[in-house]
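S.K.: Here you go, one structure.
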Amino acid sequence: MAIARKGALECFGIGLLIALVCGYYLVQAITGPLGQLVGLMDVVRKGDFTHRMNIDRRDEFGTLAEGFNRMTDELTALVGQVQRSGIQVNTSVTEIAATARDAAGHGPRKLPPPPRKLAPRQKRSPRPPGSW
């Protein structure tokens, strides 16, 4: 019986050791790609859209990497479109301002001077009777 108990404890110890080693590698397999994704998200958040996630896996992390790369490509296209639209708006505003100056004559329009303030009326002293 003592030999059976000793054999069971040895099997349990070996199984526990194998479980700990497998658990360590499993945690590394999850935290490695996740840490890489978090780092790339920080780079993209700062405006650098040139980085891509390079993970050649056929699991959830591979799908996540492909989605992240597609999102970054679409953000790059969107930022370019916004920049082009801003340039077009700036050009249009400049043209409208030039047309308005030309239509007004020569140069910016001058405003008329402000109206003068009239001096307050002074009270007349009453005339003595009969001095009319």
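The values are calculated or read from the model by the stated rules, or taken from the named source; none is laboratory data. If you're wondering where the values come from, they're calculated on a predicted model, not measured in any experiment. Glycine gets a Cβ as well: all are built from the backbone with ideal geometry, and neighbour counts include every protein chain shown.
S.K.: Checking GLY47 against (1) within 20 Å of the chain's Cα centre (by Cα); (2) part of a helix (DSSP H, G or I); (3) small (Gly, Ala, Ser), which test does it fail?
M.R.: The number of the failed condition is (2).
S.K.: OK, next. Checking the structure you have, find out if any residue of the range 95-111 is surrounded by 12 or more Cβ atoms within 10 Å (Cβ to Cβ), in contact with a His (Cβ under 7 Å, 6 or more places away or on another chain) and of a type outside the set (Asp, Glu).
M.R.: no
S.K.: Report whether or not MET53 is assigned to a helix (DSSP H, G or I) and either at pLDDT 90 or above or out of contact with any His (no Cβ under 7 Å at 6 or more places or on another chain) (or both). Write out each step before concluding.
M.R.: On the way: assigned to a helix (DSSP H, G or I): no; either at pLDDT 90 or above or out of contact with any His (no Cβ under 7 Å at 6 or more places or on another chain) (or both): yes.
Spelling it out, it is not the case that MET53 is assigned to a helix (DSSP H, G or I) and either at pLDDT 90 or above or out of contact with any His (no Cβ under 7 Å at 6 or more places or on another chain) (or both).
S.K.: Return yes or no: is ARG70 at pLDDT below 85, of a type outside the set (Asp, Glu) and at negative phi?
M.R.: So ARG70 fails the test.
S.K.: Are any residues in the range 46-79 among the hydroxyl-bearing types (Ser, Thr, Tyr) and over 15 Å from GLN36 (Cβ atoms), and if so, which ones?
M.R.: THR50, THR76
S.K.: Continuing with this model, one more query. What do you reckon, is GLY7 loosely packed, with under 10 Cβ neighbours inside 10 Å and not hydrophobic (A, V, I, L, M, F, W, C)?
M.R.: In short, no.
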